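Everything below concerns the one structure shown next.
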Amino acid sequence: MATRSSRDLRAPIWLSGRDKIDTTVARPRVLDRAELPVDTAELARFLIGKMLVRILAECMAGGRIVETEAYAIGDAAGHAYRGITPRNRTLFLERGHAYVYLAYGTSFMLNVSSETSGVGAGVLIRAIEPTYGTTIMQRIRGTERVRDLARGPGRLCAALEIDRRLEGIDLCQAGPLWLGSDGQASDEIGQSKRIGITRAADSPLRFYVRGNRFVSGPQALNR
């Protein structure tokens with residue numbers, strides 16, 4: 001019987017109905033850490049067009065990353081700015097680990113550690129274009145509006161049931177949450193200032209797919 005390596009993960013066999021993956025479309029593989037740039041801004045751009053995959057009890061869910069923000073070394077707006085603490089220590093792991101925090105006591109946010117071990121910085125995943133498990137995400141979010149399932153970092157985490165249980169996991173290993181690639185190149189990438197911050201507010205460290213309807217934020221920043 002043929003076996004599958006963890007780096008060549010395929011869609012779960014229990015996908016059904018409209019959540020089935022078209023067999024003519026390349027299925028995502030787990031990204032290798034060596035593929036990730038060792039630079040926060042470069043990683044934020046690199047992740048545009050890559051896949052964020054969540055393995056749920058019912059199916060595989062997730063989609064194509066269409067919006068990110070970089071919080072680089074020494075960034076006054078970043079959680080690593082004042083040094084390592086019990087709360088932010090994941091940001092100081094080598095690139096490719098999940099840093100999950102609760103914002104304003106209501107919404108979880110997913111970040112990817114982005115530098116070498118001991119250096120604090122991260123990339124916020126702001127939005128994905130749903131590709132897999134759309135039906136289950138609609139049920140979790142309680143809405144049929146596909147455009148709004150994961151448009152914004154809080155909605156994204158809610159749709160994929162990302163919370164502190166996933167804090168610190170390796171996103172470059174097959175598991176409950178991972179980063180992947182299906183070999184498709186990203187559409188044109190735009191760049192703008194970041195959203196919803198007051199410190200270093202004008203730094204052009206937000207990356208997004210131009211013209212993609214799943215990107216969050218005001219239209220003025222998405223041209």
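Put simply, the C-alpha atoms of the range 43-133 give a gyration tensor, and the ellipsoid matching it has half-axes of 24, 14, 12 Å, longest first. Taking all protein chains into account, the per residue accessible area for the range 98-193 stands at 40 Å² (1.4 Å probe). Taking only protein heavy atoms and a 1.4 Å probe, the accessible area of the chain is 50% carbon and sulfur.
Looking at the square roots a ≥ b ≥ c of the eigenvalues of the Cα gyration tensor of the range 29-74, which shape do they give, rounded for a/c under 1.5, prolate if a/b is larger than b/c, or oblate?
Values: a/c = 2.50, a/b = 1.95, b/c = 1.28.
Because a/c hits 1.5 or more and a/b exceeds b/c, the range 29-74 counts as prolate.
For the chain, a Gaussian network of Cα nodes joined below 10 Å ranks Ala34, Ala77, Ala61 by mean-square fluctuation, and the top entry is Ala34. Please work out whether the chain counts as rounded, prolate or oblate from its C-alpha gyration tensor, where a ≥ b ≥ c are the square roots of the eigenvalues and a/c under 1.5 means rounded, while otherwise a/b larger than b/c means prolate and anything else oblate? It comes out prolate by the Cα gyration axes.
Modelled this way, with points 7 Å down the Cα-to-C-beta line, the labels at Arg141 and Ile197 are 2.4 nm from one another. Between Ala150, Ala200, Ala185, the GNM of the chain built on Cα springs shorter than 10 angstrom shows Ala185 fluctuating the most. Could you pull out the longest piece of the chain with no exposed loop chymotrypsin sites (Phe, Trp or Tyr not before Pro) in it, calling a site exposed if DSSP puts it outside H, G, I, E, B and it has at most 12 other Cβ atoms within 10 Å? After excluding every exposed loop site, the longest remaining stretch is 105-223. Paramagnetic label reach from Ile84 (point 7 Å along Cα→Cβ; backbone nitrogen cut-off under 20 Å): within the range 90-117, residues 90-101, 111-117.
Can you list the trypsin sites (Lys or Arg not before Pro) in the range 40-119 that are in a DSSP coil and have 15 or fewer other beta carbons within 10 angstrom?
Details: sites: Arg45, Lys50, Arg54, Arg64, Arg82, Arg87, Arg89, Arg95; in loops: Lys50, Arg82, Arg87, Arg95.
Of the trypsin sites (Lys or Arg not before Pro), the ones in loops of the range 40-119 whose Cβ has at most 15 other Cβ atoms within 10 Å are Arg82, Arg87.
If you filter the range 120-223 for GluC sites (Glu not before Pro), then keep DSSP loop positions with at most 16 other Cβ within 10 Å, what is left? Qualifying residues, ordered by number: Glu144, Glu188. Sorting Thr40, Thr143 by accessible area puts them as Thr143, Thr40; the probe is 1.4 Å, largest comes first, and only protein heavy atoms count.
What trypsin sites (Lys or Arg not before Pro) does the range 112-155 have in DSSP loop regions with at most 13 other beta carbons within 10 Å? Can you show the working numbers first?
Working: sites: Arg126, Arg139, Arg141, Arg145, Arg147, Arg151, Arg155; in loops: Arg145.
In loop regions of the range 112-155 (DSSP not H, G, I, E or B), the sparsely surrounded trypsin sites (Lys or Arg not before Pro) are Arg145.
Please work out, to two decimal places, the log10 of the ratio I(q)/I(0) at q = 0.10, 0.12, 0.15 Å⁻¹ from a Debye calculation in which every Cα of the range 85-206 carries one identical scatterer. Here log10 of I(q) over I(0) equals -0.34, -0.49, -0.78.
The values are calculated or read from the model by the stated rules, or taken from the named source; none is laboratory data. Remember, predicted model here, so these are calculated numbers, not experimental data. Backbone-built Cβ (ideal geometry, glycine too); neighbour counts: all protein chains shown. Just so you know, the surface numbers come from the protein's heavy atoms only, side chains and all, with ligands and any DNA or RNA stripped out. Shrake-Rupley method; radii C 1.70, N 1.55, O 1.52, S 1.80 Å.
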